[in-house]
Amino acid sequence: MIAFASGMLLAAAGQLDSATIEIDLTGEAATVRAVYHISSARSDSVRFLLMRIAGQSVHLLRPAQPILSSDDGAIAFTIPAPSGGSTTTEIEYSVSGDLVRIPIFVPNAPTDPDRSSIELRVRGYVHRDAVRDAFPRFSTVEDGIVSRPENLPSFVLLPTGSGLSTNRAADALVAFLILLGTALWARRYRRGRAQRQSPMRETS
Amino acid sequence: MTGTLAAVLIVYVFVVIGIAVWSAFQTKTEEDFIVAGRSIGPFVGGAVLAATQISAGTVVGTLGRHYFTGVSWWYIWFGVWAGWLTSAFFVAPKLRRFGALTVPDYIATRFGSEKVGALAAILIIVSYSIYLVAQFQASGEIARAVLGIRPLTAMLVIVASTSVYTMLGGVRSSSYIELLQTLLIVFGLLIAVPVLLNHAGGFGQAMRFLDSMDPRLLRWYYGPKELIAFGVAFSLSIAAAPYEMTRYYSMRDEKTVKQAIAIAIGFQFIIGLSVLAIGLLTRVLFPNLASPDQASSIMAFEVLPPLVGALLIVGMVSAIMSTVNSILLVTGASVAHDLYGKFIRPDASQARLVGVNRIAIVVLAVVPVFFALREFGDVQTIVIEQAKFIASFFFVPVVIGLNWRGGTAAGATAGMVGGFFACLVWEFTGQRGFATHGIDAVEVGVVTSLILFLAVSRYTRPVAEENVRIFFGTN
């Protein structure tokens with residue numbers, strides 16, 4: 001029992017105290033600057049993982065000489081971390097190609113919802129009317145859009161505003177199903193009531 | 001999102017209160033309260049069975065397991081369905097034909113001893129109180145992640161609201177509310193999957209990322225020994241689960257019970273696949289959550305569009321409520337009908353029995369909150385543990401007892417007590433060496449229970465023929 005319970009915690013390298021991600025969109029490319037503060041390191045290294053997204057190429061600018069591994073699904077690197085101490089990591093990379101999803105390096109250190117702070121800031125996003133469909137949830141600020149989720153996502157979704165919005169379609173489908181369900185129930189209830197009343201009339 | 005969630009919650013609460021009040025007017029006798037006057041049909045019955053099965057263990061725990069361990073946990077469902085089929089063919093028809101009010105009623109009649117029935121009632125109360133801990137813990141996780149409120153507050157709200165609708169209308173209100181809950185969960189999950197897939201950029205991209213993250217996520221995180229142990233625990237506990245068996249009693253007849261089980265398996269298949277997909281896709285979106293139990297509420301609150309997310313959160317809360325409600329109906333009836341009504345005040349009136357049942361529901365709902373606040377393990381772990389105990393003490397007297405004439409009262413007592421303690425002792429001793437020997441506590445518990453049941457029955461006084469005849473007919 002105890003073994004199973006403790007085994008269900010993710011293998012964390014520490015705790016992500018804060019992450020500040022700044023994304024600058026410049027037409028055909030995006031530059032991402034990210035700063036991570038990780039404390040209470042429980043191992044001697046922290047692994048950063050970046051999701052590979054189809055139709056995109058990623059060029060790592062900083063750190064200059066990481067221990068890098070790369071395959072079809074992700075790019076990963078590991079940095080040393082002082083055991084029990086805290087570490088700050090700065091990563092900078094550029095993304096070109098399809099910019100609807102901008103991948104973000106995620107360390108194997110979860111946040112603490114009560115203490116950690118995550119901030120994602122995007123500049124140069126022109127489709128502000130589509131921001132309600134963005135992921136994570138963004139709000140509009142003077143110089144772009146900003147999001148402060150409780151957990152660090154593996155990418156930022158920035159819809160272009162063209163075509164059908166999946167979010168709106170899903171919400172509309174739910175509203176339709178609720179109305180349909182209510183109508184069907186009302187019809188069934190009225191029929192049942194009529195059936196119960198007709199034998200009573202016959203008897204009386 | 002918070003505004004939409006509040007609106008959906010308010011509408012849902014009014015609907016639930018409406019159903020509960022309507023049911024209260026239909027509830028006049030103990031039979032109305034405990035088995036809804038035996039009036040439930042196959043579709044509502046199927047949704048009810050699915051709702052009792054789909055608990056916090058599924059929407060929080062199982063989804064969290066898929067988030068954390070990937071695909072292999074899904075094979076556990078075969079154990080769940082094997083349990084349902086065993087129940088459909090070897091348990092439900094005889095139990096429904098017998099037509100008791102509670103499962104200890106069956107135990108007492110089958111083995112010709114009210115004391116054995118009382119023992120079953122006590123073991124049910126203990127094991128299901130553990131199950132309630134998991135439900136309350138899950139409600140705390142959802143409340144913390146979604147509303148930012150203290151787990152204790154959420155647990156007390158769940159206790160209060162569930163106790164009220166359970167007390168008002170008994171099984172009748174529960175059944176119609178559970179139909180609504182099953183539909184909410186099924187539609188909420190089905191709509192969530194394509195939305196999450198769209199977010200993740202498609203199936204192939206998501207799977208490649210998961211494979212890079214940890215190849216075990218798409219292959220074998222758990223080995224065959226572990227999967228068999230978990231599957232056996234679920235299978236044997238579901239085959240003899242008192243809170244599901246009680247629902248058989250509320251259905252019209254044996255045919256309705258079998259149809260309802262088939263419909264429940266259909267609902268579970270849809271829910272199981274959706275939960276698998278959502279767990280994996282949430283891992284793609286948020287690879288490092290502090291606890292797997294947070295995956296479902298974070299997905300619903302931070303990723304899904306407002307109405308879908310709100311619907312799913314309400315569905316998750318209602319799944320917890322429905323399971324809490326089912327458990328409280330069983331444990332409340334165990335106290336009032338099987339202990340109070342048979343041993344303390346055998347002459348108690350119907351009104352008094354219903355009153356005692358309602359008080360018991362409140363008391364039995366509050367006690368597990370204390371343990372839930374201490375978080376002894378993740379939600380799925382607690383669910384598995386209670387399943388192991390239920391299987392260990394109940395599978396043999398229920399399933400074997402219903403299909404073998406030779407079982408005696410002493411054999412049933414030995415089987416229940418022996419199975420319970422064998423499971424308990426192995427859990428704290430032999431279970432630690434599981435990786436080496438692969439023998440799980442549930443296997444030790446059930447085998448011990450079986451050996452004791454057969455051996456003691458062989459050498460003790462047989463059950464009176466009139467009791468045996470009820471279940472097996474004449475020789």
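The values are calculated or read from the model by the stated rules, or taken from the named source; none is laboratory data. Keep in mind that what you see is a predicted model, and the values were worked out from it rather than measured. Positions of Cβ are generated from backbone atoms using ideal geometry, with glycine treated the same way; all protein chains shown enter the neighbour counts. Protein only, heavy atoms only, side chains kept; ligands, DNA and RNA dropped before computing areas. Shrake-Rupley method; radii C 1.70, N 1.55, O 1.52, S 1.80 Å.
What the table shows:
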quantity: Subset of the range B:433-446 (residues that are surrounded by fewer than 16 Cβ atoms within 10 Å (Cβ to Cβ) and assigned to a helix (DSSP H, G or I)); calculated: B:Gly433, B:Ala435, B:Thr436, B:His437
quantity: Elements of type helices (runs of 4 or more DSSP H) in the range B:28-69, at least 3 residues being modelled with pLDDT under 85; calculated: B:30-35, B:42-53
quantity: Odd one out for B:Thr474 among (1) at pLDDT 90 or above; (2) of a type in the set (S, T, N, Q); (3) open to solvent by 50 Å² or more (accessible area, probe 1.4 Å); calculated: (1)
quantity: When residues of the range A:36-51 are limited to those that are within 20 Å of the chain's Cα centre (by Cα) and within 12 Å of another protein chain (Cβ to nearest Cβ), the one farthest from A:Ala12 (Cα to Cα); calculated: A:Met51
quantity: Residue match in the range B:273-280 (condition: in contact with a Lys or Arg (Cβ under 8 Å, 6 or more places away or on another chain), within 30 Å of A:Gly73 (Cα to Cα) and surrounded by 24 or more Cβ atoms within 10 Å (Cβ to Cβ)); calculated: yes
quantity: Residue that is farthest from B:Ala200 (Cα to Cα) [pool: residues in the range A:140-159 that are in a strand (DSSP E or B) and more than 12 Å from chain B (Cβ to nearest Cβ)]; calculated: A:Val141
quantity: Test: residue in the range B:292-305 that is facing another protein chain (nearest Cβ under 9 Å), open to solvent by 10 Å² or more (accessible area, probe 1.4 Å) and closer than 30 Å to B:Leu424 by Cα; calculated: yes
quantity: The lone exception for A:Gly14 - which of (1) within 22 Å of the chain's Cα centre (by Cα); (2) at pLDDT below 90; (3) facing another protein chain (nearest Cβ under 10 Å) it fails; calculated: (3)
quantity: Answer from B:Leu329, B:Leu339, B:Leu312 - the residue that is buried (at least 24 other Cβ atoms within 10 Å of the Cβ), more than 30 Å from A:Leu152 (Cβ to Cβ) and within 24 Å of the chain's Cα centre (by Cα); calculated: B:Leu329
quantity: Counted residues, the range B:385-429 - those being within 14 Å of chain A (Cβ to nearest Cβ) and crowded, with 24+ Cβ neighbours inside 10 Å; calculated: 6
quantity: Residue in the range A:120-127 that is among the charged types (D, E, K, R), assigned by TED's automatic domain parsing to the domain that holds A:Gly27 and part of a loop (DSSP other than H, G, I, E, B) present; calculated: no
quantity: Within the range B:201-238, considering residues that are under 30 Å from A:Pro159 (Cα atoms) and outside any helix (DSSP H, G or I), the one nearest to the other protein chains (Cβ to nearest Cβ); calculated: B:Gly201
quantity: Cross-chain or 6+ apart pairs with Cβ under 6 Å, the range B:227-249 first and farther than 13 Å from B:Gln386 by Cβ, then among the basic types (Lys, Arg) and surrounded by fewer than 24 Cβ atoms within 10 Å (Cβ to Cβ); calculated: B:Tyr248/B:Arg96
quantity: Members of the range B:184-200 that are of a type in the set (A, V, I, L, M), within 8 Å of chain A (Cβ to nearest Cβ) and over 28 Å from the mean Cα position of the chain (by Cα); calculated: B:Val195
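Residues are listed down the side, and each one gets a yes or a no for (1) modelled with pLDDT under 90; (2) surrounded by 15 or more Cβ atoms within 10 Å (Cβ to Cβ):
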{"position": "A:Phe105", "(1), (2)": "no, yes"}
{"position": "A:Asp114", "(1), (2)": "yes, no"}
{"position": "A:Pro136", "(1), (2)": "no, yes"}
{"position": "A:Ser139", "(1), (2)": "no, no"}
{"position": "A:Asp143", "(1), (2)": "yes, no"}
